[in-house]
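What follows is a single structure, written as structure tokens, with notes after it.
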Amino acid sequence: GPSLILASRNEHKVRELGEILPGTDLRALPEGVESPPETGVTFEENALIKARSAREATGEVVVADDSGLEVDALDGRPGVYSARYAGEGATDAGNLARVLSELAETGPGGAEGRSGSGPGHTARYVCVIALIDDSGEHLFRGTCEGWMIQEPRGDGGFGYDPAFVPEATGPEDGRTMAELTPDEKNAISHRGAAARVLADYLIGN
């Protein structure tokens with residue numbers, strides 16, 4: 001299968017994406033390759049910034065992803081700032097605490113009127129994967145709709161997962177992303193969705 005470099009040194013990401021791209025040899029960014037500043041204002045821009053940098057450094061087929069959480073009541077924040085929402089070097093817990101405190105100030109969530117929606121603030125995880133191969137630059141986007149809860153639950157997952165209840169598990173489920181098994185999460189996650197569109201492209205080429 002194809003050999004790809006993921007523009008990341010996060011082994012968690014390499015493993016998670018590798019599980020969804022069967023038959024591909026996915027490797028982390030080689031040591032010594034600088035990660036460029038992510039100055040984009042969209043997930044697409046940031047994914048391309050990372051992919052172009054990795055492509056330039058290695059000359060190989062590269063993929064890069066940028067992802068984050070968009071909360072409707074916060075006008076789409078934290079968005080591209082999801083990983084550093086509470087400041088540079090912020091922890092997952094710090095970022096999550098900031099989002100929940102901002103949500104608490106907006107009042108109760110207004111998800112009523114959307115069938116199957118929970119009693120909370122609607123939100124979605126977004127992932128954009130950029131691929132650069134010899135034919136050029138390609139973008140693949142995946143989303144996972146859901147809502148936020150104020151009391152985080154579950155110790156699986158990372159980021160905002162303990163406070164995000166995905167819609168795709170059905171109205172009766174109510175578990176957060178952090179309470180799902182890895183297989184359950186891959187089946188519905190934004191990264192899984194984007195990776196499957198990428199996988200279709202790789203198979204077709």
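Over all projection directions, the Cα-based convex hull of the stretch 1-121 averages an area of 9.5 nm².
Of the two radii for the stretch 43-84, the radius of gyration is 1.15 times the Kirkwood radius, both from the alpha carbons; that is the Rg over Rh value. Legend: translational diffusion of the stretch 1-72 by Stokes-Einstein, Rh = Kirkwood radius over C-alpha pairs, 10 °C, 1.306 mPa s; D = 125 µm²/s. In the stretch 14-75, if the dipole is taken from +1 on Lys/Arg beta carbons and -1 on Asp/Glu beta carbons about the Cα centre, which of THR58, ALA73, PRO36 is farthest to the positive end? Comparing the listed Cα positions along the dipole, THR58 ranks first. Remark: the stretch 69-205 carries a charge dipole of roughly 80 debye about the Cα centre, counting +1 on each Lys and Arg Cβ and -1 on each Asp and Glu Cβ. Taking a sphere under 12 Å around the Cβ of SER3 and counting the other residues whose Cβ falls inside, with K and R at +1 and D and E at -1, yields a net charge of -2.
For the chain, take the longest principal axis of its alpha carbons; what is the angle in degrees between that and the long axis of helix 43-58, to the nearest 10 within 0 to 90? Compared with the principal axis, the helix lies near 30 degrees.
To the nearest 10 degrees, how steeply does helix 92-106 sit against the main Cα axis of the chain, on a 0 to 90 scale? Taking Cα atoms only, the helix is inclined about 40 degrees. Helical content of the chain, expressed as a calculated mean residue ellipticity at 222 nm, amounts to -9500 deg cm²/dmol (DSSP H runs of 4 or more residues, -39,500 (n - 2.57) each, divided by residue number, nearest 500). For the stretch 120-197, applying the loop criterion from DSSP together with a ceiling of 15 other beta carbons within 10 Å to the GluC sites (Glu not before Pro) yields GLU172.
Build a GNM of the chain with springs between Cα atoms under 10 Å apart, and of LEU69, LEU131, LEU21 the one that fluctuates most is LEU21.
If the elastic network links every pair of Cα atoms under 10 Å, which of HIS190, HIS121, HIS12 fluctuates the most in the Gaussian network model of the chain? Highest fluctuation of the listed residues: HIS12. Placing unit charges on the Cβ atoms only, positive for Lys and Arg and negative for Asp and Glu, gives the stretch 1-128 a dipole magnitude near 120 debye about its Cα centre.
Of all segments of the chain bounded by trypsin sites (Lys or Arg not before Pro) found in a DSSP loop with no more than 15 other C-beta atoms within 10 Å, the longest spans 10-113.
What is the local net charge at LYS185, summed over the other residues whose Cβ is closer than 12 Å to its Cβ (Lys, Arg +1; Asp, Glu -1)? Within the 12 Å Cβ shell, the charges total -4.
Considering all different alpha carbon pairs of the stretch 146-205, the Kirkwood hydrodynamic radius works out to 12.2 Å. Accessible area per residue was computed with a 1.4 Å probe on protein heavy atoms; GLU70 scores about 40 Å². Over the chain, the hull volume per residue, using the convex hull of the C-alpha atoms, is 120 Å³.
The values are calculated or read from the model by the stated rules, or taken from the named source; none is laboratory data. The shown structure was predicted, so the numbers you read here are calculated from the model rather than taken from an experiment. Virtual Cβ from ideal backbone geometry, glycine too; neighbours counted across all protein chains shown. Ligands, DNA and RNA are stripped out before the accessible areas are found, and what is left, the full protein with its side chains, is counted by its heavy atoms. Shrake-Rupley method; radii C 1.70, N 1.55, O 1.52, S 1.80 Å.
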